[in-house]
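Shown below is the structure under consideration.
The values are calculated or read from the model by the stated rules, or taken from the named source; none is laboratory data. This is a predicted model, so every value here is computed, not measured. Note: ideal-geometry Cβ built from the backbone for every residue, glycine included; neighbour counts use all protein chains shown.
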Amino acid sequence: MNHQMIASVDLGSNSFRLQICFNHQGQLQVVDSIKEMVRMAAGLDERKRLDKGTKQRVLSCLTRFGERLRHFEKSQVRVVATNTFRIMKNAAPFVKQCEAVLGFPIEIIAGREEARLIYNGVVHTVPFEGRQTLVVDIGGGSTEFIIGRDQNPQMTESLPLGCVLYSMRFFKNDKVSADSFRQAVNAARAEIQRISGALKQLSWDWAIGTSGTARAIRDILVMNTPNQDCITQDGMEQLAKRIISAGSTKKTKLEGLNSDRTEVFAGGLAVMMAIFEELNLKEMVISDAALRDGVFYDLIGRTLNQDLRDETIADYQQRYHVDIEQAKRIQDLALCLLDNLSGSLKDKIEDYTLWRSRLSRAVQLHEIGLSIAHTAYHKHSAYIIENADMAGFSRTEQQNLATLVLSHRGDLKKMEDSLNTPIWVMMILSFRLAVLLHRNRTEIRQPENMSLSYQIKKKILKLKLPQLWLEQNPLSTHALQLESAFWEKIGFHFMIEKG
């Protein structure tokens, strides 16, 4: 497979999209694109559980996508899942099924991360020319609002407004009345009021709409209004009157509307009209850029070692007053111990480099909780990492980082589920020992001939240290004995061997 080929998979609440591009030194050329209307959001019941029929549609679609991506390497593909995956109950087992048929890991991204990626796609494809810009993306289950004028957005928000959700809630079986339409608009306005004040305070020079709903509205208005190339309030009001008069979108027979969007169009139109009314918009231009474009540019950035996640790490270290030198000392030793511990297993551990970088990032963030309190600071750190909006990170990545950070001190019983996997044992042990050996927070020379080994089947962990070092460092020796007791409690044998 040509390594300049990259692919993005966008698992939206309404449609799933696979797009493959050729990367010409940062310029993208689309070579293949597949879209399927899965209507995932429509399959959620009142308890936020996905019905069997929808699950089968999802798996069938991803099986087909998997065939197309069969010869791609993991570094060439990024798969992101949005609102329906975010809110569905008991998602983990189903996500594993999806990953199995697709052949690639799925990142369930937070709403603000989705907004950032959408903005990333727009800012790379539309000339802002210094203008403050409002970007709005109405999806199947959520709507994202972003304000910015350059590469870094000033505000990113996500609200539970979507063409599928609102069509199901207010226009069942595509039945539209004046009363139900106004109810939908008012409900959407009530949601938007939560952020409208902050949006207006920042202000904007123009508004850009992205994705299916915005393009569908624009296309219909263009077909029916000569010389119009944008969305206007008056145009939407006339469109709504036609649909209400006909009693349904289908009966209106709108020229320019694709048949696969008919069932969810009324809900999307109501949300867009609410946005115009609540934010006092006069018109909105449309961009063909969308979430998948942002994913591509993010993927290119990572390939070129311009990873936004590293910028986020640096920002959090500064924000929470992290001792950078201490973090670097622990990071260097933890990675050295991990490499030593994994030894010949590296080639057998799937995505070893990825796990190594994950440990590195966890170490860099492990002390952010100290800004709250020293007592149980690792719990504060883990909570922040798991729940904060961290640009560039998926929810799964944040959960893994939080788990690692939580593991670096204290009792290990809370980590028993993770410790069923060898790579987790290696990372956690390396992390804990690096923190323990750098307790004095100064640059010290590590003991010579120190080695670490792991007999996986027997659950034996062995740390070899010079006898003289153990005698000269009684505090560290005592801490290592306590560490051994922690591992013994969960069925591991951690032995300290004098060399």
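Determine whether residue 452 is over 23 Å from residue 345 (Cβ atoms), in contact with a strand residue (DSSP E or B) (Cβ under 6 Å, 6 or more places away or on another chain) and surrounded by 15 or more Cβ atoms within 10 Å (Cβ to Cβ).
When the stated conditions are applied, residue 452 does not pass them.
Being outside any helix (DSSP H, G or I) and either farther than 30 Å from residue 219 by Cβ or of a type in the set (Asp, Glu) (or both) is the filter here; which residues of the range 288-311 pass it?
Correct list: 288, 304, 305, 306, 307.
Still on this structure, I have one more. Within the range 89-109, count every residue that is at negative phi, surrounded by fewer than 23 Cβ atoms within 10 Å (Cβ to Cβ) and in a loop (DSSP other than H, G, I, E, B).
Residues flagged as at negative phi, surrounded by fewer than 23 Cβ atoms within 10 Å (Cβ to Cβ) and in a loop (DSSP other than H, G, I, E, B) within the range 89-109 amount to 4.
What strands (runs of 3 or more DSSP E) completely inside the range 1-84 contain at least 1 residues that are over 20 Å from the mean Cα position of the chain (by Cα) and touching a residue at least 40 places away in the same chain (Cβ under 8 Å)?
5-11, 16-24, 27-36
Here are some conditions: (1) surrounded by fewer than 19 Cβ atoms within 10 Å (Cβ to Cβ); (2) modelled with pLDDT under 95; (3) in a helix (DSSP H, G or I). Residue 285 meets all but one. Which one does it not meet?
Just one mismatch for residue 285, condition (3).
Can you find a residue that is buried (at least 18 other Cβ atoms within 10 Å of the Cβ), without any contact (Cβ under 8 Å) to a residue 60 or more places away in the chain, closer than 28 Å to residue 319 by Cβ and in contact with a Lys or Arg (Cβ under 6 Å, 6 or more places away or on another chain) anywhere in the range 428-437?
no
Farther than 28 Å from residue 114 by Cβ, surrounded by 15 or more Cβ atoms within 10 Å (Cβ to Cβ) and modelled with pLDDT of 90 or more, is that true of residue 356?
Here the answer is no, as residue 356 does not meet what is asked.
Limited to the range 415-430, what total is found for residues that are outside any loop (DSSP other than H, G, I, E, B) and over 25 Å from the mean Cα position of the chain (by Cα)?
Residues flagged as outside any loop (DSSP other than H, G, I, E, B) and over 25 Å from the mean Cα position of the chain (by Cα) within the range 415-430 amount to 6.
Turning to a different aspect of this structure: Please enumerate the residues belonging to the range 10-52 that are within 17 Å of residue 141 (Cβ to Cβ) and either assigned by TED's automatic domain parsing to the domain that holds residue 142 or of a type in the set (A, V, I, L, M, F, W, C) (or both).
11, 16, 37, 38, 40, 41, 42, 44, 50
So which of 150, 179 is without any contact (Cβ under 8 Å) to a residue 24 or more places away in the chain, farther than 16 Å from residue 42 by Cβ and either crowded, with 23+ Cβ neighbours inside 10 Å or among the charged types (D, E, K, R) (or both)?
Testing whether each residue is without any contact (Cβ under 8 Å) to a residue 24 or more places away in the chain, farther than 16 Å from residue 42 by Cβ and either crowded, with 23+ Cβ neighbours inside 10 Å or among the charged types (D, E, K, R) (or both) leaves just 179.
Could you grab the pairs with beta carbons closer than 7 Å, sequence gap of 6+ or different chains, first residue in the range 156-169 and within 13 Å of residue 262 (Cα to Cα), second one among the hydroxyl-bearing types (Ser, Thr, Tyr) and buried (at least 24 other Cβ atoms within 10 Å of the Cβ)?
That search, which allows pairs on different chains as well, returns 163/213; 164/13.
Of all residues in the range 460-478, which are touching a residue at least 12 places away in the same chain (Cβ under 8 Å) and crowded, with 16+ Cβ neighbours inside 10 Å?
If the condition is that a residue be touching a residue at least 12 places away in the same chain (Cβ under 8 Å) and crowded, with 16+ Cβ neighbours inside 10 Å, then 461, 463, 465, 469, 470, 476 are the ones that fit.
Moving on. Out of (1) touching a strand residue (DSSP E or B) at 6+ places or on another chain (Cβ under 9 Å); (2) under 14 Å from residue 333 (Cα atoms), the odd one out for residue 425 is which?
(2)
Still on this structure, please answer the following. Take the residues in the range 221-253 that are over 36 Å from the mean Cα position of the chain (by Cα) and surrounded by 19 or more Cβ atoms within 10 Å (Cβ to Cβ); name whichever of them is nearest to residue 189 (Cα to Cα).
Per the criteria, the residue is 243.
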